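Note sheet for the following structure.
The values are calculated or read from the model by the stated rules, or taken from the named source; none is laboratory data. Note that the structure is a prediction, hence the values are computed from the model and not measured. Reconstructed Cβ throughout: ideal geometry from the backbone, glycine too, with neighbour counts over all protein chains shown.
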Number of protein chains: 4
Amino acid sequence: MLVVMKPHASEAEIEAVLEKIRSMGLQAHPIPGAQRVAIGITGNKDGLDPGHFETMPGVADAIRVSQPFKLVSREVKEEDTVIDLGGVKLGGPEIIAMAGPCSVESRTQILEAAHAVKAAGAKLLRGGAFKPRTSPYEFQGLAEEGLKLLALAREQTGLKVVTEVMDSENLAMVADYADVLQIGARNMQNYSLLRQLGPVKRPILLKRGPSATIKEWLMAAEYIVSAGNYQVALCERGIRTFETMTRNTLDLNAVPVLKALTHLPVVVDPSHGIGLRKHVAAMARAGIAAGADGIIVEVHPNPDRALSDGHQSLTPAEFDALMKQARVIAGAVGRVM
Amino acid sequence: MLVVMKPHASEAEIEAVLEKIRSMGLQAHPIPGAQRVAIGITGNKDGLDPGHFETMPGVADAIRVSQPFKLVSREVKEEDTVIDLGGVKLGGPEIIAMAGPCSVESRTQILEAAHAVKAAGAKLLRGGAFKPRTSPYEFQGLAEEGLKLLALAREQTGLKVVTEVMDSENLAMVADYADVLQIGARNMQNYSLLRQLGPVKRPILLKRGPSATIKEWLMAAEYIVSAGNYQVALCERGIRTFETMTRNTLDLNAVPVLKALTHLPVVVDPSHGIGLRKHVAAMARAGIAAGADGIIVEVHPNPDRALSDGHQSLTPAEFDALMKQARVIAGAVGRVM
Amino acid sequence: MLVVMKPHASEAEIEAVLEKIRSMGLQAHPIPGAQRVAIGITGNKDGLDPGHFETMPGVADAIRVSQPFKLVSREVKEEDTVIDLGGVKLGGPEIIAMAGPCSVESRTQILEAAHAVKAAGAKLLRGGAFKPRTSPYEFQGLAEEGLKLLALAREQTGLKVVTEVMDSENLAMVADYADVLQIGARNMQNYSLLRQLGPVKRPILLKRGPSATIKEWLMAAEYIVSAGNYQVALCERGIRTFETMTRNTLDLNAVPVLKALTHLPVVVDPSHGIGLRKHVAAMARAGIAAGADGIIVEVHPNPDRALSDGHQSLTPAEFDALMKQARVIAGAVGRVM
Amino acid sequence: MLVVMKPHASEAEIEAVLEKIRSMGLQAHPIPGAQRVAIGITGNKDGLDPGHFETMPGVADAIRVSQPFKLVSREVKEEDTVIDLGGVKLGGPEIIAMAGPCSVESRTQILEAAHAVKAAGAKLLRGGAFKPRTSPYEFQGLAEEGLKLLALAREQTGLKVVTEVMDSENLAMVADYADVLQIGARNMQNYSLLRQLGPVKRPILLKRGPSATIKEWLMAAEYIVSAGNYQVALCERGIRTFETMTRNTLDLNAVPVLKALTHLPVVVDPSHGIGLRKHVAAMARAGIAAGADGIIVEVHPNPDRALSDGHQSLTPAEFDALMKQARVIAGAVGRVM
């Protein structure tokens, strides 16, 4: 059961609901949100009667939710969530392309990449300033210097910027520079970090953990949304399977399944998903055909000299060719791009 | 190393090559084929010099193959294999749709299904007469009665027929009725059966085993091809992963990877792949966008009353709608449908 | 529902039950067994009332089975099945060791291996005469010549022989020579072959398929048992996961789970399971500690020169050392060895 | 290449090495440690000559490491790491049992559990005060109140305390109360958190991520060790596979593989590993037989009323019975318990 308070419910009204829940021997989980408070109820073995709550003052709704994820569910909100980035709308009729290098490496590199992906039709620039690397001895990103270069590229091109935040220590700093905050696959179940994204005034791109089920992924999104940030997009980037010819197994099955279960936008990352440059375009096309709201693609001016992920980065020319095909596929599924 | 004999190499020429191999302390594996004999050489720790063989009488070529799969590899044969089914060409510019019920259940059912998928644009009729079922207590198919009904449907519609053969005992019988023989996922590494497909004059649709790597799958195809049957198509039908919301995880990554590694046609089975009726069309579209040469889709006149797989079968109307979208996507990737 | 007929139920009594089932609009699956007929009933949406059948003449029992596997379930038969191989009892208090080379390679090799594993305490000799190999170009076994050598080794040592049967074509031949027939992992769901094991008068060692769930594995055993052969042992040999440092992931969790669900004996194969010689002993010990009824271990007189699986075969001395440790662990879990 | 500085190398000596590395066009990654600085070198395509560094002032060693993990590798340190917790030694001849409830729930519960597991022979008390839960609506632990109760239980029983730290915000607080800090499976690749464990004066129990390869797990340990904390133990707790009958698949194969690759102690968690109360003891025994240095087991005074993980928690009596068996198995592998 989820009790959703009206936007301007008073403290006293909220407290009355909490007290009522406790008096029933159940646990109340108040979830302060940007615009309204929701109160999750747990501890009930069987279904609760919404009638207990829906007539109380300040209560907007009492929702009996069949899925373990609630606020992100289409049961709770039927219409698509559209994330508006100053005119660039993720989750609407337009399929949004995000592109750029794995890591921000230098002023020249990021500007060159930004101008190239802009020209090809991308609306967001991707690029990592903080890089989670399997080895502590590998290149870990340019940190704030990288963020500044992303901001510069935005200034020059008008592209919005999506970049990864790895921890709460750097959250405020990254949020200062970025338009969209990416949560990496390895942090998908870093619940402490997820909770801190609630009060942040930036949309979140939540990558799927490499062994996360769709349900666990939606539960991770629920952490963010229940903490008050409703601007969350989900990014499929490949799961871990037994197959070794590809870096990961891009799970496009997740796309239609998610679109049915949740109102949040769904983005596909073919670069990490298959991890092989020559096959990235095929998987990007397939992602669009499967119903994705966006793609995020690694593009590097000179992939062979990239400090990270060069083997899966497209050249600007390859990205441009992909965009041309992508537009036709978008049309075939009733979208624009 | 693979020594490929000329089409009409004599017994003596072949024996001379075998003798030469043995004299080097290596194992020779003569592979009688429909048109020519190939001789696999194993036991060599390092690479062999092709010069040992390529000047011998009757030898067409001595191929040093970097991959463990050889005859199915693009290294050995660069041009696409096109399987010609009396005018229906799998592996050429046209993307071929195969459709029909999971199991043949009755005369009415299969004829109704056949006419419907024909009208929507399918070129092959699928339908199982022998059904491998997880439980010995489940419906196992109509056997020869089912094959006869498939033949009747072919007669009425002109559709070609693809159906599964489960064992050597029924191989000749199934080959009598079918245009294409399907080897099911669970039999992908039934090497005894694969070898017996060599002399059969029917193309083979080889489904991927649920936990088979792409390499193992190509090795399974190599068993068939090396036994003399070069008409093999590969069918991706979903792999087994940790995800439980979908029946399997349709691995579309395999499509571009296969198209690069092998000259054999690649078919996608979205029905078994995702296993949920409402999402089959999305995965079929994605498969085409990823580069598949064909799709195979479960269609049943009345899915809710199907004896098997009803939850993943499309209605004729849903299949018709899918075909319309599929044609647009095919155009976007330079194919027709 | 499973209707179990009395051992000497008449044809007429059986037919009456079948007729009754059909008259209820359900499917009847008569399962001829060695000693009695069982009749599986399918097609019922809800539970059936056993009372419909249990008073009919010739009916021993009408079992409402909660699991999809029935005859192999502890619900149907509570006491452990003990397979008696002329005094060697698998499934009783003694933990049975089976050992020998991957493949029978030569008279010298198999006799040397047999004498060594006998001396160390093994009760069965393993060795493949028919080898399912991923590549058609690899050593495929000595066939009947290998079976003859196994029989010779049995004659000299008194060890029982367990060896793989790959197909129905060679089933009778292998059954002539072997004491136990092994069904390999890749054939675990070769249902046509499984059914043919019903009338065979030899116990079966059914290996788990690399991606088979425990339930599917038990259903495969159900195929054999329902066809009349109740002498089936299950062999865990490693499943396929994402981990690449080991050949497979030996799933010892399956051991206690199986012991609770089924009355059939459970054997562990640490050689294929972990696939690394230096770690085989640790996994064999762990298998015994987890409750296995037997272990099957690859032992080769000279692993570095083995034609197959040398990297995971123990030397006779290593096997002898393992057996000494194994006996202590067996004692710790109340068994002998 | 890893350049290890002497314990009291001067700033100038370190700077000289850094300068040398940069002058070679490579990246230097200084890793400040508790006792000495190590400098990882990356950017070299081929192997580096250690001679470049090993004669420089202040340099202890220049290590060419074949594995990507370095400081945790047996190549770098051959002898076992023994973590001394005031007399309780993890990684030495004694196998250490850690036990207690999933979550600290109340004063009565934790004290009762502590006394019971102490009586049975456990040396550490486990219990979560901060609980990473899949759902934001589930019980999240008692936080500092739970830590205080753990400290109280330590006072009363003399048991050492191991408990989870979820984030940097609470790191200092948890370190104040706990003897060993547990990093949960979902945080195994939370690199920001791992790095902060370097300066902490507490041993770390690093759980394996549910889809982490052994190599990735060792790389995660390398993050902690390279940041200065050499007191790290690895805890196998089950990986994610396709099997659904068990909560996870406890991967005991990892135990002997790790013991060969690393000098760090290895602990097995059968409770999360198999996730079924009646099978926990079998997996604990198997873990010991496989060579683990410790086990960590969920024990609750009243599992059926536990707020979390009751279905996999042993009763005190079950734990006591397990410990008796465990001691015999420990003896069989040359250990004490």
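Surrounded by 24 or more Cβ atoms within 10 Å (Cβ to Cβ), over 20 Å from the mean Cα position of the chain (by Cα), farther than 15 Å from residue D:94 by Cβ and not β-branched (Val, Ile, Thr) - does that describe any residue in segment D:259-277? The answer is no; no qualifying residue exists.
Applying a threshold of 7 Å to beta carbon distances and a minimum spacing of six or more residues, or different chains, the list of pairs starting in segment B:5-17 at a residue that is part of a helix (DSSP H, G or I) and ending at one that is β-branched (Val, Ile, Thr) reads B:14/B:37; B:17/B:3; B:17/B:39; B:17/B:59. Taking (1) crowded, with 23+ Cβ neighbours inside 10 Å; (2) of a type in the set (Val, Ile, Thr); (3) away from every other protein chain (no Cβ under 12 Å) in turn, residue B:255 satisfies each apart from (3).
Just to be sure, is residue B:123 under 15 Å from residue B:159 (Cα atoms), surrounded by fewer than 18 Cβ atoms within 10 Å (Cβ to Cβ) and among the charged types (D, E, K, R)? Here the answer is no, as residue B:123 does not meet what is asked. Return the residues of segment B:153-200 that are surrounded by 22 or more Cβ atoms within 10 Å (Cβ to Cβ), within 14 Å of chain C (Cβ to nearest Cβ) and not in a helix (DSSP H, G or I); say none if nothing qualifies. Selection gives B:164, B:165, B:166, B:167, B:183, B:184, B:188, B:189, B:190, B:197.
Looking at segment B:13-28, is at least one residue over 30 Å from residue B:257 (Cα atoms) and at pLDDT below 80? Yes, that holds for at least one residue.
Residue count for segment C:36-69 satisfying the condition of being touching a residue at least 60 places away in the same chain (Cβ under 8 Å), in contact with an Asp or Glu (Cβ under 9 Å, 6 or more places away or on another chain) and of a type in the set (A, V, I, L, M, F, W, C): 4. When you scan segment C:22-31, do you find a residue that is over 30 Å from residue C:156 (Cα atoms), touching a residue at least 24 places away in the same chain (Cβ under 8 Å) and either within 14 Å of chain B (Cβ to nearest Cβ) or surrounded by fewer than 16 Cβ atoms within 10 Å (Cβ to Cβ) (or both), even just one? Yes - at least one qualifying residue is present in segment C:22-31. Of all residues in segment B:40-61, exactly one satisfies the criterion of being small (Gly, Ala, Ser), at pLDDT below 90 and part of a strand (DSSP E or B), namely B:40. Determine whether segment A:239-248 contains at least one residue that is more than 14 Å from chain D (Cβ to nearest Cβ) and closer than 24 Å to residue A:289 by Cβ. Yes: one or more hits.
Across segment B:87-127, the number of residues qualifying as in a helix (DSSP H, G or I) and farther than 16 Å from residue B:280 by Cβ comes to 10. Does any residue of segment B:312-327 turn out to be crowded, with 23+ Cβ neighbours inside 10 Å and acidic (Asp, Glu)? Checking segment B:312-327: not a single residue is crowded, with 23+ Cβ neighbours inside 10 Å and acidic (Asp, Glu). Scan segment C:98-152 for residues that are within 18 Å of residue C:294 (Cα to Cα) and either within 14 Å of chain B (Cβ to nearest Cβ) or of a type in the set (A, V, I, L, M) (or both) and the total you get is 9. Looking across segment C:84-93, the residues that are touching a Lys or Arg at 6+ places or on another chain (Cβ under 7 Å) and crowded, with 17+ Cβ neighbours inside 10 Å come down to C:85, C:88.
Can you say whether residue D:291 is facing chain C (nearest Cβ under 9 Å) and either small (Gly, Ala, Ser) or within 16 Å of residue D:247 (Cβ to Cβ) (or both), as far as the supplied structure shows? Taking the combined requirement at face value, the residue satisfies it. In segment A:130-152, is there at least one residue being in contact with a helix residue (DSSP H, G or I) (Cβ under 9 Å, 6 or more places away or on another chain) and assigned to a strand (DSSP E or B)? No; the residues of segment A:130-152 include none that is in contact with a helix residue (DSSP H, G or I) (Cβ under 9 Å, 6 or more places away or on another chain) and assigned to a strand (DSSP E or B).
Does residue C:222 satisfy the criteria of being of a type in the set (Asp, Glu) and surrounded by fewer than 24 Cβ atoms within 10 Å (Cβ to Cβ)? When the stated conditions are applied, residue C:222 does not pass them.
Of all residue pairs spaced 6 or more apart or on separate chains, those with beta-carbon atoms under 7 Å, a first member in segment B:201-221 that is more than 8 Å from chain C (Cβ to nearest Cβ) and within 18 Å of residue B:74 (Cα to Cα) and a second member that is among the hydroxyl-bearing types (Ser, Thr, Tyr) and surrounded by 23 or more Cβ atoms within 10 Å (Cβ to Cβ) are B:218/B:262. Look at (1) at the interface with chain B (Cβ under 9 Å from one of its Cβ atoms); (2) touching a helix residue (DSSP H, G or I) at 6+ places or on another chain (Cβ under 9 Å) and you find that residue C:274 fails only one, number (1). If I filter segment B:232-252 for residues that are of a type in the set (Ser, Thr, Tyr) and under 15 Å from residue B:188 (Cβ atoms), do I get at least one hit? Checked against the condition, which is being of a type in the set (Ser, Thr, Tyr) and under 15 Å from residue B:188 (Cβ atoms), segment B:232-252 yields no hits at all.
Look at segment A:308-327: where a residue is of a type in the set (A, V, I, L, M, F, W, C) and a partner is surrounded by fewer than 18 Cβ atoms within 10 Å (Cβ to Cβ), sitting 6+ places away or on another chain with Cβ atoms under 7 Å, you get A:323/A:121. Within segment C:187-200, the presence of at least one residue that is at pLDDT 95 or above, closer than 30 Å to residue C:115 by Cβ and in contact with a helix residue (DSSP H, G or I) (Cβ under 7 Å, 6 or more places away or on another chain) is confirmed.
Under the condition of being within 10 Å of another protein chain (Cβ to nearest Cβ) and surrounded by 23 or more Cβ atoms within 10 Å (Cβ to Cβ), which residue from segment A:225-234 is farthest from residue B:249 (Cα to Cα)? The qualifying residue farthest from residue B:249 (Cα to Cα) is A:226. Sort out which residues of segment B:303-337 are at the interface with another protein chain (Cβ under 10 Å from one of its Cβ atoms) and within 22 Å of the chain's Cα centre (by Cα), and write them in order of number. Across segment B:303-337, the qualifying residues are B:326, B:330.
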